[in-house]
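To keep things clear, I will list the structure first and then write my remarks on it.
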Amino acid sequence: MLAPIVGGSVVFAQQITQNPQPLGQDPIKYIDNPTPKLPANQSLPQSQLISRDSILAQTKVPNGGKIISLELKTWQEHLSQQKEAKGAAPLVADGCQVWELKTSYPEYYHFKLGSVKNAVVTQAFDAETGLLLHQRTQGDFAGHPAQFQ
């Protein structure tokens, strides 16, 4: 154990274990790869899933927006096209069906990114529950107004 003096204080350094467990978790109950909450359901027929119209009604594309596509895919197919989304939702099984909705906007305002011109927004909704699982916004980022104050 090392005890260097930093700014008049003694600091003790301790070796960190290779596989630390989260604080407050019983190490016996801790699971590195949990079972997905949304299991694979690619064998379900489309008649048992949320309809295309339900997804469109829930998203309400604003004026100026145009629907590019709405496709039924597996979560793995969706992720393979979204490069930065790898591991985006580890509790979703690769074979879970999702509705992938792509829309385009001449100008889109994202609450974190700010104004985005010529935006393409890709959203993935769970095909059984309609829950939004992932959203990706691409376009020409003009910046958030808070950055310029």
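Among residues of the stretch 117-138 that are part of a loop (DSSP other than H, G, I, E, B), those with a Cβ under 7 angstrom from a residue that is of a type in the set (Phe, Trp, Tyr) and at pLDDT 90 or above, sequence gap 6+ or separate chain, pair up as Ala127/Trp99; Leu131/Phe125. For Lys73, the test of being under 21 Å from the mean Cα position of the chain (by Cα), surrounded by 10 or more Cβ atoms within 10 Å (Cβ to Cβ), at pLDDT 90 or above and among the basic types (Lys, Arg) is passed.
Residue-by-condition table, conditions (1) over 30 Å from Ala142 (Cα atoms); (2) touching a strand residue (DSSP E or B) at 6+ places or on another chain (Cβ under 9 Å); (3) assigned to a strand (DSSP E or B):
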site	(1), (2), (3)
Thr35	yes, no, no
Asn41	yes, yes, no
Ser47	yes, no, no
Leu72	yes, yes, yes
Ser104	no, yes, yes
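Does Glu100 satisfy the condition of being surrounded by 12 or more Cβ atoms within 10 Å (Cβ to Cβ) and either touching a Leu at 6+ places or on another chain (Cβ under 6 Å) or assigned to a strand (DSSP E or B) (or both)? So Glu100 fits the description; yes.
Among the residues of the stretch 109-133, the ones that are buried (at least 19 other Cβ atoms within 10 Å of the Cβ) and modelled with pLDDT under 90 come to 1 in all. Just one of the listed residues (Asn63, Asn19, Asn33, Asn41) is at pLDDT 90 or above and either closer than 24 Å to Asp94 by Cα or not hydroxyl-bearing (Ser, Thr, Tyr) (or both), namely Asn41.
The values are calculated or read from the model by the stated rules, or taken from the named source; none is laboratory data. Values in this document were obtained by computation on a predicted structure and should not be read as measured data. Cβ coordinates were reconstructed from backbone atoms using ideal geometry, including for glycine residues, and neighbour counts include every protein chain displayed.
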